[in-house]
Ligand code: GLP
């Protein structure tokens with residue numbers, strides 16, 4: 001693992017954006033999976049600005065959504081799809097055949113998982129997967145206790161995730177399941193990039209990076225990745 005610690009949140013966003021920018025420059029047909037959430041908002045904003053400013057050709061890149069709340073439609077501002085469309089895909093004018101987001105309203109969610117895995121396989125393997133970390137150590141919606149051998153799957157959400165997840169919604173929203181790329185998807189990706197900022201993530205980042213590799217802290221899987229990169233601000237790194 002390579003770890004980058006920025007002195008503040010702005011610098012964290014810029015460092016992350018610069019790193020991701022290089023991925024797009026070095027590989028014009030980059031296949032990248034992206035998390036939604038508060039953490040990547042500023043990093044993606046800086047990245048998008050730079051990609052537009054430098055006129056990087058993204059016509060051969062493929063974008064994948066990491067996860068989604070089951071049953072929440074893409075026009076709900078709290079959905080991961082809404083976030084990714086507004087922050088990344090629409091500003092970059094990514095064509096619909098160059099991205100895939102989970103349809104968490106699909107009648108057959110198992111089929112939706114198979115479709116996602118087949119889509120990734122059809123393009124090759126993920127070059128990069130960009131993830132955040134939940135307060136309980138989850139990655140995407142890979143909740144504590146999940147098998148590390150899974151690709152896309154549907155999972156019952158942790159009580160903690162349902163609670164914390166309310167922050168994305170303007171009114172109380174019933175959250176029960178998530179649909180997500182799996183930890184095996186992350187392990188197979190050529191590069192895995194974990195982002196964390198803010199003091200509230202300090203304890204879980206210590207567990208993830210310095211605790212034992214344990215399925216009870218799914219983000220500790222980063223320790224096992226052959227090509228893992230961690231971007232944090234000083235606050236998130238405060239307990240390391
Ligand atoms: C959410 C999402 C994750 C996200 C994580 C951290 O529930 N399922 O994909 O990375 O929790 O979110 P945030 O960046 O808002 O702290």
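What follows draws every value from the coordinates through simple rules; no lab data is involved. The model shown is predicted, which means the values in this text are computed figures rather than measured ones. Here the Cβ is made from the backbone with ideal geometry for all residues, glycine too, and neighbour counts use every protein chain on show.
Using just the helices of the chain, give the 222 nm mean residue ellipticity in deg cm²/dmol: DSSP H runs with n ≥ 4 each add -39,500 (n - 2.57), and the total is spread over all residues, rounded to 500.
Rounded to the nearest 500, the figure is -9000 deg cm²/dmol.
Compare the peptides 29-37, 106-114, 155-163, 226-234 by average per-residue count of other Cβ atoms within 10 angstrom and give them in order, highest first.
The densest-packed peptide leads the list: 29-37, 226-234, 155-163, 106-114.
Please work out how much length the chain gains when fully extended from residue 108 to residue 148, using 0.36 nm per residue of separation minus the C-alpha to C-alpha distance, in nm with one decimal.
Here the segment from residue 108 to residue 148 would lengthen by 12.1 nm.
For the chain, set up a Gaussian network in which alpha carbons nearer than 10 Å are linked by springs, and say which option among 186, 84, 213 fluctuates the most.
Maximum among the listed residues: 213.
Calculate, in nm to one decimal, what residue 95 and residue 160 gain on full extension: separation in residues at 0.36 nm each, minus their alpha carbon distance.
19.9 nm
What length, rounded to one decimal in nm, is gained on full extension from residue 121 through to residue 188, with 0.36 nm per residue of separation minus their alpha-carbon distance?
Between residue 121 and residue 188, full extension yields an extra 23.0 nm.
Tell me the relative contact order for region 2-233 as a rounded percent, counting alpha carbon contacts under 8 Å between residues six or more apart.
The value is 24 percent.
Share of antiparallel DSSP beta bridges in the chain, in percent to the nearest 5?
25
Please identify, among 136, 197, 93, the residue showing maximal mean-square fluctuation in a Gaussian network model of the chain using a 10 angstrom Cα cutoff.
93
Sort out for me the Cα centre separation of region 174-240 from region 64-98, rounded to whole Å.
22
To the nearest 0.05, what FRET efficiency results for residue 53 and residue 75 with a Förster distance of 22 Å applied to their C-beta separation?
Efficiency for this residue pair is about 0.15.
Quick one: if you stick a label point 7 Å off each Cα along the C-beta vector at residue 25 and residue 170, how many nm between them?
4.0
Can you quote the Å³ per residue value for the convex hull of the Cα atoms in the chain, rounded to an integer?
Normalising the Cα hull of the chain by residue number yields 112 Å³.
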